[in-house]
1. Regarding TYR59, is this residue modelled with pLDDT of 90 or more and surrounded by 14 or more Cβ atoms within 10 Å (Cβ to Cβ)?
2. Consider ILE2 against the criteria (1) modelled with pLDDT of 85 or more; (2) hydrophobic (A, V, I, L, M, F, W, C); (3) under 19 Å from the mean Cα position of the chain (by Cα): it satisfies all of them except one. Which criterion is unmet?
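The values are calculated or read from the model by the stated rules, or taken from the named source; none is laboratory data. Treat the numbers as computed from the prediction; the structure is a model and nothing was measured. Every residue, glycine as well, gets a Cβ built from its backbone with ideal geometry; the counts of neighbours run over all protein chains shown.
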Amino acid sequence: MIEDIIRKILSEELQKIKVEILEELKEMQGNNNVVEQYGETLTADKAAKILNVSTSKIYEMARNPEFPCKKVGSRIIIPTRRFFNWLNNSYK
């Protein structure tokens with residue numbers, strides 16, 4: 001009786017983990033597609049076009065520590081995978 005309950009709980013938890021892993025794999029595959037399309041990094045101009053905002057808005061967003069970018073002098077470099085992960089997760 002107790003063993004059956006434990007098996008059922010474990011089975012449900014394993015199913016949840018399986019779904020999470022499959023979602024992560026799909027996201028990773030999607031990230032590879034965006035890298036193929038946009039390259040490893042985005043400029044502020046490219047990111048602005050993707051988000052349909054101005055370049056100055058991207059620089060404003062870059063001041064937020066959650067925005068995925070690296071500052072190089074006055075320029076910002078945006079890793080494509082991190083950018084699309086950030087974008088996808090900001091709507092969840």
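1. Spelling it out, TYR59 is indeed modelled with pLDDT of 90 or more and surrounded by 14 or more Cβ atoms within 10 Å (Cβ to Cβ).
2. (3)
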